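See structure below.
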Amino acid sequence: MTHRNAPLTELGRLRLARCVIDDGWPLRRAAERFQVSPATATRWANRYRHHGRDGMVDRSSRPHHSPNRTPTRTERRIIKIRVLRRWGPARIAYLLGLHPSTVHRVLTRYKLARLRWLDRTTGTPIRRYQHDNPGGLVHVDIKKLGNIPDGGGAWALGQKLGRTNRTRSVNKALDTRGHSHVGYSYLHNAVDDHSRLAYTEILADERKETAAGFWRRAQKFFSTNGITVRKVLTDNGPCYRSRVWAEAMTTAGITHKRTRPYRPQTNGKVERFNRTLVDEWAYAHAYRSEAERRAAFSDWLHTYNHHRAHTALGGHPPASRVPNLTGQHT
């Protein structure tokens, strides 16, 4: 393929060659006229002499012989290990005594799927899907997080100071019997499959009544923003197998689907949201208390829904796929 700075296009090459072959121009004069080197003029003149007009097109730069190419037997071993063990280029290279870049070239040459595109159990490519309209499917899941003791935890202050702060918070809770942030928080999340619009609440447990109450509020959130939920996908947690949850689904006229056991990738959109939530909010700063972290959550969730670029949406935020979303331009 001719690059944009090439002095000769296919038509220019033909004109140069005809000047030399048909009109009898000297090579140096033709090269000067078309602003190329004499060697270039010679190459295109010879192409025209032997192949005519068809010789002016670009040819592959691939060599006719590759004596240093990886032997076929070694390539077969690389492919066999990849298929059977699902190893990456580095591990395969260490086993066979090769360089990782060599293994990577072989895998690319045979168009083998990347490991992140494969199911971990079966090794088959993951079938990715996306519903055509908001509300066609909503992914629901619960993310459990350890609370931050007053003064900061071990992640921010180190094991010694973090353990001391945690002990003080426990003793305070035992003495006053008041609310303390020692223990765990349960983030109940609902993510729309089409738009990736998310609704989240930080709750005290993952019991069936709590999960059902969360869904009623989540459904109201989606409905307020013009999204009619038709189907919900969850894992096989006890709260989602309960009669209370089933009644919440039936009352709202929603179809409830559960993932196959030990296949969290089926609910991958909300699982990916959990990871984003942890990386960009829960552990993004050295919070000094659980109250400080929770105070920052509403702003982060607004940024995620309205302003954060989403790679699966072409760099646009979830709000771009929900025209009626309130607060879209704030």
Say whether the condition of being assigned to a loop (DSSP other than H, G, I, E, B), touching a residue at least 24 places away in the same chain (Cβ under 8 Å) and surrounded by fewer than 17 Cβ atoms within 10 Å (Cβ to Cβ) is met by at least one residue in region 298-306.
no
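For (1) within 30 Å of Thr122 (Cα to Cα); (2) under 32 Å from the mean Cα position of the chain (by Cα); (3) buried (at least 17 other Cβ atoms within 10 Å of the Cβ), each residue gets a yes or a no:
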position: Leu11; (1), (2), (3): no, no, no
position: Asp23; (1), (2), (3): no, no, no
position: Ala30; (1), (2), (3): no, no, yes
position: Asn68; (1), (2), (3): no, no, no
position: Thr72; (1), (2), (3): yes, no, no
position: Arg91; (1), (2), (3): yes, yes, no
Quick check on Val170: is it out of contact with any Ser or Thr (no Cβ under 7 Å at 6 or more places or on another chain), of a type outside the set (Ser, Thr, Tyr) and at pLDDT 85 or above?
no
Conditions (1) in a loop (DSSP other than H, G, I, E, B); (2) surrounded by 12 or more Cβ atoms within 10 Å (Cβ to Cβ); (3) of a type outside the set (Ser, Thr, Tyr); number of the one not met by His104
(1)
Specify which of the listed residues (Gln219, Gln265) is touching a residue at least 60 places away in the same chain (Cβ under 8 Å), assigned by TED's automatic domain parsing to the domain that holds Phe297 and of a type outside the set (Asp, Glu).
Gln265
Name the residue that is farthest from Arg207 (Cα to Cα), counting only residues in region 118-147 that are out of contact with any His (no Cβ under 7 Å at 6 or more places or on another chain), at pLDDT 90 or above and not in a loop (DSSP other than H, G, I, E, B).
Val138
Here are Val278, Val270, Val232, Val244: which of them is surrounded by 13 or more Cβ atoms within 10 Å (Cβ to Cβ), over 28 Å from Leu118 (Cα atoms) and either in contact (Cβ under 8 Å) with a residue 24 or more places away in the chain or in contact with a strand residue (DSSP E or B) (Cβ under 6 Å, 6 or more places away or on another chain) (or both)?
Val244
So for region 188-202 (the condition being of a type in the set (Ser, Thr, Tyr), more than 30 Å from Ala309 (Cβ to Cβ) and at pLDDT 95 or above), does at least one residue qualify?
no
So which residues in region 58-96 are hydrophobic (A, V, I, L, M, F, W, C) and not assigned by TED's automatic domain parsing to the domain that holds Ala113?
none
All but one of (1) under 48 Å from the mean Cα position of the chain (by Cα); (2) in a loop (DSSP other than H, G, I, E, B); (3) buried (at least 17 other Cβ atoms within 10 Å of the Cβ) hold for Arg62; state the number of the condition that does not hold.
(3)
Single match in Val36, Val140 (criterion: more than 30 Å from the chain's Cα centre (by Cα) and either surrounded by 15 or more Cβ atoms within 10 Å (Cβ to Cβ) or without any contact (Cβ under 8 Å) to a residue 12 or more places away in the chain (or both)):
Val36
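The values are calculated or read from the model by the stated rules, or taken from the named source; none is laboratory data. Quick caveat, the model's predicted, so the values are computed rather than measured. With ideal geometry, Cβ positions are generated from the backbone for all residues, glycine too; neighbour counts draw on all protein chains shown.
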